[in-house]
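The values are calculated or read from the model by the stated rules, or taken from the named source; none is laboratory data. What you see is a predicted model, and the numbers here were worked out from it, not measured in a lab. Methodologically, a virtual Cβ is constructed for each residue, glycine included, from the backbone with ideal geometry; neighbour enumeration extends over all protein chains shown. Quick note on the areas: whole protein, heavy atoms, side chains included, nothing else; ligands and nucleic acids left out. Shrake-Rupley method; radii C 1.70, N 1.55, O 1.52, S 1.80 Å.
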Amino acid sequence: MPEGRLVIGSKRYSSWSLRGWLAVQLAALDVEEVVIALEAAPSAAIQAATPTGLVPYLEHRGAKVWESIAIAEYCAEQAPGLWPEDRVLRAHIRAIAAEMHAGFRGLRQAMPMNLGRDFAGGGRTAEALADIARIEAVWREARALSGGPFLGGAGFGLVDAMYAPVVTRFITWRPELRAEAWDYVEAVRAHPLMERWYAEAAAEPEAWRLDKYENPPHAPHP
């Protein structure tokens, strides 16, 4: 019998759901996965299933948690080791995870997540490019501090879960990145949990597809 549930949106599009799902998987929480299709307008089904009308939303053994960064912290309490052990490195990694949660609006708007399309060359607004430059610097510094190949060290952790949707955006939109950034993108994409998410996204019904994500404003013209 599951000890709770995790409510998420369409895996093809929902970046915040990916973060929460990865955290729950890394912590090996025994919860039922409830996937609700995103809609062009706010989803009545998601509003009925979550306190905020947003995803992800976790219920686990009486705890009710929303906001992906809060879900990550809750999962870290259930499974120590998902943040780095070293105090100084852990502080740095938590700071860049919080920066991801709160920022990079230009990238989010110009390069929306879509795991089934190739928008190479598009989305290169000034705001997105500034965000990408900062993200590259964040990744470079974190991997230098931790020794890599992931941001917090040898293993895929919660900070990588926070940046995983950025990885998917870079794969879809193919901005110009340094070789070291592509190295990190490839390491995250090859992780078994990412392989699983991509496969399950590809298996979603075509009826779940939304024009605003399939034909976003900054997509390159054919």
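Taking the stated definitions as given, is residue 125 closer than 27 Å to residue 212 by Cα, touching a residue at least 40 places away in the same chain (Cβ under 8 Å), among the hydroxyl-bearing types (Ser, Thr, Tyr) and surrounded by fewer than 18 Cβ atoms within 10 Å (Cβ to Cβ)? Taking the combined requirement at face value, the residue satisfies it. What do you reckon, is residue 21 in contact with an Asp or Glu (Cβ under 9 Å, 6 or more places away or on another chain), in contact (Cβ under 8 Å) with a residue 12 or more places away in the chain and under 23 Å from residue 201 (Cα atoms)? Yes.
If the condition is being in a helix (DSSP H, G or I) and under 28 Å from residue 208 (Cα atoms), then region 92-116 contributes 100, 101, 102, 105, 106, 107, 108, 109, 110. The residue pairs whose first member lies in region 72-91 and is in contact (Cβ under 8 Å) with a residue 24 or more places away in the chain and part of a helix (DSSP H, G or I), whose second member is open to solvent by 60 Å² or more (accessible area, probe 1.4 Å) and among the aliphatic types (A, V, I, L, M), and whose beta carbons are closer than 7 Å, counting only pairs six or more residues apart or on different chains, are 89/145. For the residues 10, 15, 68, the requirement of being surrounded by fewer than 21 Cβ atoms within 10 Å (Cβ to Cβ) and within 26 Å of residue 114 (Cα to Cα) singles out 15.
Restricted to region 144-215, the set of helices (runs of 4 or more DSSP H) holding at least 1 residues that are in contact with a Ser or Thr (Cβ under 7 Å, 6 or more places away or on another chain) comprises 158-173.
If only residues of region 151-195 that are over 18 Å from residue 97 (Cα atoms) and in contact with a Gly (Cβ under 7 Å, 6 or more places away or on another chain) are counted, the one that is surrounded by the most Cβ atoms within 10 Å (Cβ to Cβ) is 173.
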